[in-house]
Amino acid sequence: MPIYFPGTYIPKAAGTSTKYNHLIDDLLTPRILTFRQISINDEPAALQTDGTTWKSTYGNWLAAFPFRFRKNGVPFPNASVANISYTYGTFEANPVDMGADNRPRDWVEVTYEFDYFPAPVLQGLLDMAVSVVNTGAFGPPTNYAIATMPEWWEGVVVDIAFALAMERLLLDYELWRYRLIYAIGPNEVYNGGGDIAAQIETLKRNAEERAARTLDNEKFKTGNYLARPTVFYYESVRGLGGTSG
């Protein structure tokens, strides 16, 4: 895969079709770039019940990022890390020193970057956005999909998908662990994190208002079509051509 956005490790062309890739890479990702590459530094990993697998808090790791591992405070060579799952954020750093009480005496830290909105998630948001336009725009319902929708739908579909992404952020932010992404202080974690939620709500509302203005346009779905001239039109222009003797 890949080509990356400048200064990032975000993969391009990760969607399932050229159309999805265009909407994600060219129109949507530039607006949510920060959320598609979130850095986590020196996070203590949790040993799983199998006694060999370590897990980070967040999955969807950016595979091209130069990961850094530390074991018991000492750099652990990447070549010795095995069975990395970039999707689940798991890996093995064997051997694991287990105490008599069956608790690990080792501790492992990992520095990584992850994608909050990987391509499959963005595709789902785009599909939902097309469904909204099919039924919500001025005019009769339609049944377009991403592959078949008119080109002039792209702006409004991306705006709706962006608003849905902000909606997901607001919902996830209510869960305590997602507030840690923003590196806010312990007091703000419990009282809502200051203005973060308000800022996300503003971004969501702006995108929704832009989309609503477009959907209210009576010509959005139909365009500027003219009816074909009828025989009566030609007769009115040319005249009937009759004469009297």
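The values are calculated or read from the model by the stated rules, or taken from the named source; none is laboratory data. Since we're looking at a predicted model, the values are computed, not measured. With ideal geometry, Cβ positions are generated from the backbone for all residues, glycine too; neighbour counts draw on all protein chains shown.
When you check Thr90 against the structure, is it outside the structural domain of Asp159 (by TED's automatic domain parsing) and crowded, with 18+ Cβ neighbours inside 10 Å, yes or no? So Thr90 passes the test. Of all residues in the stretch 111-120, exactly one satisfies the criterion of being part of a helix (DSSP H, G or I) and touching a residue at least 12 places away in the same chain (Cβ under 8 Å), namely Ala119. If you go through the stretch 22-67 and pick out every residue that is among the aromatic types (Phe, Trp, Tyr) and within 21 Å of Ala79 (Cβ to Cβ), you end up with 4. Only residues that are within 15 Å of Asp216 (Cβ to Cβ) and of a type outside the set (Val, Ile, Thr) were counted in the stretch 123-139, giving 4.
Residue-level analysis places Glu154 outside the set of residues that are within 18 Å of Ala45 (Cβ to Cβ), among the charged types (D, E, K, R) and either assigned to a strand (DSSP E or B) or assigned by TED's automatic domain parsing to the domain that holds Asp216 (or both).
Only one of the listed residues (Ala119, Ala63, Ala93, Ala100) is more than 23 Å from the chain's Cα centre (by Cα), of a type outside the set (Phe, Trp, Tyr) and under 27 Å from Thr8 (Cα atoms). That residue is Ala93.
For (1) in contact (Cβ under 8 Å) with a residue 40 or more places away in the chain; (2) touching a strand residue (DSSP E or B) at 6+ places or on another chain (Cβ under 6 Å); (3) aliphatic (A, V, I, L, M); (4) in the same structural domain as Ala165 (by TED's automatic domain parsing), each residue gets a yes or a no:
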{"residue": "Gly7", "(1), (2), (3), (4)": "no, no, no, yes"}
{"residue": "Lys12", "(1), (2), (3), (4)": "no, no, no, yes"}
{"residue": "Thr16", "(1), (2), (3), (4)": "yes, no, no, yes"}
{"residue": "Arg31", "(1), (2), (3), (4)": "yes, no, no, yes"}
{"residue": "Asp42", "(1), (2), (3), (4)": "yes, yes, no, no"}
{"residue": "Thr52", "(1), (2), (3), (4)": "yes, yes, no, no"}
{"residue": "Trp61", "(1), (2), (3), (4)": "yes, yes, no, no"}
{"residue": "Phe67", "(1), (2), (3), (4)": "yes, yes, no, no"}
{"residue": "Ser80", "(1), (2), (3), (4)": "no, no, no, no"}
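In the stretch 124-150, the residues that are free of Cβ contacts under 8 Å to residues at least 24 places away in the same chain and more than 16 Å from Gly15 (Cα to Cα) reach residues that are in a loop (DSSP other than H, G, I, E, B) and of a type in the set (Val, Ile, Thr) with C-beta atoms within less than 9 angstrom, at least six apart or across chains, in these pairs: Asn134/Thr142; Thr135/Thr142; Met149/Thr142. Of all residues in the stretch 83-106, exactly one satisfies the criterion of being outside any strand (DSSP E or B), closer than 14 Å to Pro44 by Cβ and touching a Leu at 6+ places or on another chain (Cβ under 9 Å), namely Asp106.
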